[in-house]
Amino acid sequence: MADDDTAPAPALAPDYPVETERLLLRPIDPERDLDAMHAYRSREDVCAYIPPVPATRERLAEIYRDPERTRSVLTEAGQTLALAVELRATGELIGDLVLFWHSAEHRSGEVGYIVAPEHQGHGYATEATRALLALGFDGLGLHRITGRIDARNPASGRVLTKAGMRQEAVLVENEWFKGEWSTEVDFAILEQEWREQRDL
């Protein structure tokens, strides 16, 4: 008989690394990945349109000491899966991803991503986002996954569109963000839409 304090069985526990054509998605290693992540997470241009602010190496190390920031399995709604993105050909870390599990009742989630500037423009963010959508729909059984971008970052909108998501809403100046009003553009895809696209 199981003890009352037994940890809940994971709702999503991927077999890592998750492989795509050119990428490996794997758990973040707070020590091994620190320098590579700091190289892009310390940049103003990378952080301009996303919630994180540029961080020193010391601050980033402090952030990633929190195991919730490197969670690689999901056991309940409200948790976030955080993964590193590697190039299969070289083993180089080029970015990181998140899959938010918002609600078990509504089977909803959200994706987010950062790719180092020197690796942007090659379709890596789209490829990685498709892998996240597969984890959300096929692994976690979600019904709907969203992605939210700043309207001043249309390249991110192209990533979500190429990943198969559709634009749903433009929320004009809905948030005071880093010292100015930000317009949010919302994208989404349903499980049925994902499966129809996959089966084409």
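Figures for the structure shown
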quantity: Accessible-area value, residue 152, 1.4 Å probe, nucleic acids and ligands omitted, Å²; calculated: 90 Å²
quantity: For the chain, accessible area per residue (1.4 Å probe, heavy atoms of protein chains only), Å²; calculated: 54 Å²
quantity: Check: the chain dipole with +1 on Lys, Arg Cβ and -1 on Asp, Glu Cβ, in debye; calculated: 540 debye
quantity: Among 54, 154, 17, residue whose mean-square fluctuation peaks in a GNM of the chain (springs only between Cα atoms under 10 Å); calculated: 154
quantity: Computed E for residue 31/residue 75 - FRET, C-beta separation, R0 35 angstrom, nearest 0.05; calculated: 0.90
quantity: Over region 120-181, volume per residue of the alpha carbon convex hull, in Å³; calculated: 105 Å³
quantity: Relative contact order of region 95-183, pairs being alpha-carbon contacts under 8 Å that are 6 or more residues apart, as %; calculated: 23 percent
quantity: Surrounding net charge for residue 181, when Lys and Arg each add one and Asp and Glu each subtract one, Cβ distance under 10 Å; calculated: -3
quantity: For peptides 96-104, 36-44, sequence by mean Cβ density within 10 Å, most packed first; calculated: 96-104, 36-44
quantity: Region 40-86 - convex hull of alpha carbons, volume per residue in Å³; calculated: 98 Å³
quantity: Region 35-89 - percent of accessible surface contributed by carbon and sulfur, probe 1.4 Å; calculated: 49 percent
quantity: Cα convex hull of region 54-200 - mean projected area over all directions, nm²; calculated: 10.2 nm²
quantity: Alpha-carbon Debye profile of region 1-109, log10 I(q)/I(0) at 0.12, 0.14, 0.16, 0.18 Å⁻¹; calculated: -0.49, -0.66, -0.83, -1.00
quantity: Part-to-part distance (alpha-carbon centres) for region 31-75 and region 102-157, which is given in Å; calculated: 18 Å
quantity: Order by protection proxy (mean Cβ within 10 Å, highest first), peptides 170-178, 84-92, 124-132; calculated: 124-132, 84-92, 170-178
quantity: Separation in nanometres of the label points that stand 7 Å from Cα toward Cβ, at residue 92 and residue 57; calculated: 1.9 nm
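The values are calculated or read from the model by the stated rules, or taken from the named source; none is laboratory data. Predicted model, so just to flag it, every value in this text is computed and none were measured. Heads up, the Cβs are rebuilt from the backbone with ideal geometry, glycines too, and the neighbour counts pull from every protein chain shown. Remember, those area values only see protein heavy atoms, side chains included, never the ligands or the DNA or RNA. Shrake-Rupley method; radii C 1.70, N 1.55, O 1.52, S 1.80 Å.
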